[in-house]
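Where a number appears in this text, it was derived from the coordinates with a stated rule and is not lab data. Keep in mind the model is a prediction, meaning the values are calculated, not measured. All Cβ positions, even for glycine, are placed from backbone atoms using ideal geometry, and neighbour counts span all protein chains on display.
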């Protein structure tokens with residue numbers, strides 16, 4: 001981490017509080033790369049290891065308490081360990097574990113998803129957002145008979161090869177802003193996969209239309225986040241989603257809304273209800289499980305029926321439908337947690353509460369940053385948002401490059417040392433409010449944030 005004008009090591013305060021985590025990290029690195037279960041959980045100089053959670057807080061192995069706005073990257077919408085969700089899980093554990101036969105609780109969960117989601121007439125379950133987008137893309141290809149997909153530059157749609165395209169790369173590699181190249185994120189992905197993915201610039205109607213018309217004959221689907229939280233918080237502008245809905249309809253392209261992050265978080269009908277746009281297919285995960293492994297995809301009946309194999313003509317069965325399967329799909333414990341979570345979301349004042357606190361938190365962060373005199377652009381929608389360390393306007397992925405990633409990471413470290421987790425140290429991520437948060441907790445978080453802003457108010 002960088003040192004400020006006063007030679008302050010911004011990581012030091014957190015390091016001093018997390019010596020058990022430091023030692024445990026050495027142990028963890030001996031068994032798993034980076035000492036973590038997922039790359040995004042790793043940060044310099046080392047991550048701290050959480051042992052307990054309760055409501056709005058997490059507790060590490062050094063017994064430090066953190067006011068949590070990371071919230072497991074979004075799933076914890078009701079607070080950690082919501083008692084009714086825990087009770088539903090315990091009842092299901094006592095009743096049945098995995099059987100690889102259909103179980104009523106999974107069907108009941110899917111009924112609730114269909115009831116709440118405007119675009120979903122039929123649905124299938126999966127175990128992660130990555131699985132959900134992978135299967136949705138496959139079904140869209142089967143339905144259209146086309147091979148290519150299109151996705152916005154900077155958009156993350158999971159960790160499978162077709163989604164890890166033009167997520168992050170150098171300006172040189174990405175090429176022209178109005179007709180970007182498709183670039184794999186990371187190694188191990190065949191170039192042939194990149195040839196099946198078309199990138200386009202989010203919020204640029206003219207360029208988007210030009211690119212999609214050029215590739216329309218070969219493009220099965222557009223997969224897009226309704227708000228691009230995969231690179232902070234990029235909001236749609238000037239009717240972009242309405243335009244894209246009309247264009248994909250005209251071109252016969254399946255429109256998939258990747259609501260893995262926004263699903264059941266931006267409202268009971270997800271982002272599509274909030275924005276009044278109905279896609280052809282939707283993926284969901286995170287908040288839908290309330291902290292348990294729930295994901296899925298769904299859409300129009302005629303599209304989802306691509307999964308159904310023919311009952312006759314046995315000789316053609318093997319290549320006449322889009323396969324979907326998974327041993328853990330609809331796991332009864334996860335489905336019980338998801339069902340109870342959705343019932344609470346649909347029946348209580350959760351969205352009024354978390355959106356109100358979201359306004360208080362993110363508006364407050366802009367105000368304290370302005371008071372300190374630090375360059376910051378705070379963006380949010382409802383209970384989700386991000387602090388960009390820049391005073392520039394942020395409307396596209398390339399705009400987000402103007403933010404100071406190093407300064408953000410230092411601000412995060414200072415805040416964490418103060419006992420508040422504003423997401424994780426990555427500028428391209430985001431953070432959240434939850435049902436157990438209170439106004440007093442948000443106000444305390446703003447005090448910690450202001451102090452952290454002051455500590456990183458120096459040259460970088």
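Points worth noting:
- Once C-alpha pairs closer than 8 Å and six or more residues apart are averaged by separation and normalised to the residue number of the chain, the relative contact order reads 22 percent.
- Computed packing ranks the peptides 15-25, 394-404 as 394-404, 15-25, most packed first, by mean other Cβ atoms within 10 Å.
- Counted residue by residue at 0.36 nm each, then reduced by the alpha carbon distance between them, the extension gain from residue 343 to residue 160 reaches 62.8 nm.
- Restricting attention to the range 83-347, close to 40% of DSSP beta bridges with both partner residues there are antiparallel.
- Helix 104-116 and the longest principal axis of the C-alpha atoms of the chain enclose an angle of approximately 80°.
- Among beta bridges identified by DSSP and lying wholly in the chain, the antiparallel ones come to about 60 percent.
- Two-site FRET efficiency, residue 61 against residue 451, from Cβ-Cβ distance with R₀ of 25 Å, rounded to 0.05: 0.50
- Considering only alpha-carbon pairs that sit under 8 angstrom and 6 or more positions apart, the relative contact order computed for the range 1-105 is 17 percent.
- Computed packing ranks the peptides 84-93, 410-419 as 410-419, 84-93, most packed first, by mean other Cβ atoms within 10 Å.
- Angle between the chain longest axis and helix 205-215 axis [Cα atoms, degrees, rounded to 10]: 40
- Contact order relative to length of the range 83-347, as percent, for alpha carbon pairs under 8 angstrom and 6 or more apart: 29
- Kirkwood hydrodynamic radius (C-alpha pairs) into Stokes-Einstein, the range 319-460, 10 °C and 1.306 mPa s, D in µm²/s: 93
- Förster radius 56 Å - calculated FRET efficiency between residue 30 and residue 363, Cβ distance, rounded to 0.05: 0.80
- Judged by the mean number of other Cβ atoms found within 10 Å, the most tightly packed of the peptides 176-182, 281-287 leads the ranking 281-287, 176-182.
- Only helical runs count toward this figure. For the chain, summing -39,500 (n - 2.57) over DSSP H runs of n ≥ 4 and dividing by all residues gives -11000 deg cm²/dmol at 222 nm.
- Cβ-Cβ FRET estimate between residue 50 and residue 438, R0 fixed at 25 Å, reported to 0.05: 0.75
- Length gained when the stretch residue 23-residue 170 is fully extended (0.36 nm per residue, less Cα-Cα span): 49.4 nm
- Between residue 179 and residue 391, the simple label model (points 7 Å from Cα in the Cβ direction) yields a spacing of 3.7 nm.
- Options (i) 64, 53, 44; (ii) 75, 57, 45; (iii) 72, 55, 50 - which one matches Cα extents along the principal axes in Å as calculated here: (ii)
- When both the range 220-251 and the range 156-180 are represented by their alpha-carbon centers, they are found 16 Å apart.
- Rounded to 10°, Cα long-axis angle of helix 332-347 versus longest principal axis of the chain: 80
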